[in-house]
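Read through the structure below, which is laid out as structure tokens, and then see the notes.
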Amino acid sequence: MTISSLVEKLNLKILVEGDDDREVTGGYCGDLLSWVMGRAKADDAWITIMSNVNILAVASLADTACIVLAEGVTVDEGIKATAAEKCINIISTDFSIFEAAVSINDML
């Protein structure tokens, strides 16, 4: 499923549109960045509440399809600008991490 389809079907909010046609093939939940780096797979939707600039490096290194910020978390304008430069998709939802994971899983 593409990121744009996921956003539309789950009524998610796009904070940064990198490549909305990128395929999402799985998901990973985690807030410990070193753990996510070693375990998230390419094309996963990474669901987290972390919002500091380091999420961009982790998403890039793990080659995740997108970062899904759960529980209404957002990022500042500097992070948005850097994500746009690096073509990293950032999405936000009011769902809890659990609800986001289940909903994304159901869509896949």
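Taken together, the values in this text are just the output of simple stated rules run on the coordinates, not laboratory data. All values reported here derive from a predicted model rather than from experimental measurement. Note that each Cβ is placed from the backbone with ideal geometry, even for glycine, and that neighbours are counted across all protein chains shown.
Given a Förster radius of 35 Å and the C-beta distance between SER5 and SER60 as r, what FRET efficiency does 1/(1 + (r/R0)^6) yield to the nearest 0.05? Intermediate values should be presented prior to the final figure.
On the way: r = 23 Å, r/R0 = 0.65.
It comes to 0.95.
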Between VAL53 and ARG22, what is the label-to-label distance in nm when each label sits 7 Å out along the Cα-to-Cβ direction?
2.0
Alpha carbon convex hull of the chain, volume per residue in cubic angstrom
76
Under a GNM of the chain (C-alpha, springs under 10 Å), which listed residue has the highest mean-square fluctuation: THR48, THR25, THR82?
THR82
Estimated [θ] at 222 nm from DSSP helical runs (n ≥ 4, -39500 (n - 2.57)) normalised by residues in the chain, nearest 500
-11500 deg cm²/dmol
Please list, ordered by chain and number, the residues whose modelled amide H lies under 5 Å from the amide H of THR2; skip anything fewer than 5 residues away on the same chain.
VAL24
Interchain or sequence-distant (5+) residues whose placed amide H lies within less than 5 Å of the amide H of THR64 are ASP43
Taking a point 7 angstrom from the Cα of CYS87 along the C-beta vector, which residues in the range 38-59 have backbone N less than 20 Å away?
41-46, 55-59
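For the chain, calculate the relative contact order in percent as a whole number, restricting contacts to Cα pairs under 8 Å that are 6 or more residues apart. Present the calculation step by step, with values, prior to reporting the outcome.
Working: 227 pairs, mean separation 34.6, N = 108.
Normalised by residue count, the contact order of the chain is 32 percent.
Using DSSP, restrict attention to beta bridges with both residues in the chain and report what percent are antiparallel, rounded to the nearest 5.
Numbers: 4 of 16 bridges.
Restricted to the chain, the bridges split so that about 25 percent are antiparallel.
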